[in-house]
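Here is the structure we will look at.
The values are calculated or read from the model by the stated rules, or taken from the named source; none is laboratory data. No experiment lies behind these values; they were computed from the predicted model shown. Virtual Cβ from ideal backbone geometry, glycine too; neighbours counted across all protein chains shown. Heads up: the accessible areas ignore ligands, DNA and RNA and are worked out on the full protein's heavy atoms, side chains in. Shrake-Rupley method; radii C 1.70, N 1.55, O 1.52, S 1.80 Å.
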Amino acid sequence: MNPAFSVIVFTTLSGTGFGLWFWLGLRIAVGDRPEWFDGLGWMLGLVVGAVLVAIGVIASLWHLGKPARVWRAFSQWRTSWMSREGVFALACFAAAAAVMALSWGSRHGLSVRAAGALLALLSVAAVYSTAMIYASLKPIPAWRHRLVAPAYLLFAALGGGILFGPF
């Protein structure tokens with residue numbers, strides 16, 4: 001099996017970005033306050049996560065082949081895991097932006113904590129949707145296994161956790 005390079009880039013970078021967003025969102029949700037630069041580290045972490053997810057999503061769009069198909073990636077969210085993944089990815093960007101906007105100059109009130117919790121949940125949903133894309137591929141029996149989704153979630157949490165350390 002030789003997966004396309006864009007699929008490898010997408011899966012690795014976006015999974016790591018979503019994992020970083022998960023840990024940051026979880027930390028914000030529990031009310032932890034940054035010690036240095038009054039939250040600048042968290043802002044940088046949110047931006048790093050956004051860059052990783054954006055590069056990964058752009059790589060996944062290359063895999064579609066034709067730019068005209070991009071709109072379809074979001075239009076069939078009721079039946080397609082790929083559409084759900086796209087919707088959750090956009091929702092993650094909105095939640096990360098909300099965390100940044102709400103925490104700018106504030107003392108991490110309830111609204112920032114709620115936005116952090118939402119970011120963490122949406123990040124898990126996006127990675128789970130990615131895993132289900134692969135788990136639903138009938139031509140590749142090795143991926144149609146019940147451990148595919150938990151493995152993807154763990155890899156995202158591990159990759160994001162490695163980057164989470166400095167933030």
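The table below gives the values:
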{"read-out": "Separation in nanometres of the label points that stand 7 Å from Cα toward Cβ, at Val47 and Leu158", "value": "3.0 nm"}
{"read-out": "Sites Trp104 and Phe74 - FRET efficiency at Förster radius 35 Å, r taken between beta-carbons, to 0.05", "value": "0.75"}
{"read-out": "Gained length - Arg144 relative to Leu40, 0.36 nm times residue gap less alpha-carbon distance", "value": "33.2 nm"}
{"read-out": "Note, ³J(HN,Hα) from phi for the range 40-50, Karplus 6.51, -1.76, 1.60, rounded to Hz, x at Gly and Pro", "value": "4, x, 5, 4, 4, x, 5, 5, 4, x, 5"}
{"read-out": "Rounded to the nearest 10 Å², the accessible area of Arg144 at probe 1.4 Å", "value": "120 Å²"}
{"read-out": "Percent carbon-and-sulfur accessible area, the range 90-167, ignoring ligands, DNA and RNA, probe 1.4 Å", "value": "75 percent"}
{"read-out": "Heavy atoms of Val47: accessible area, 1.4 Å probe, square angstrom to 10", "value": "70 Å²"}
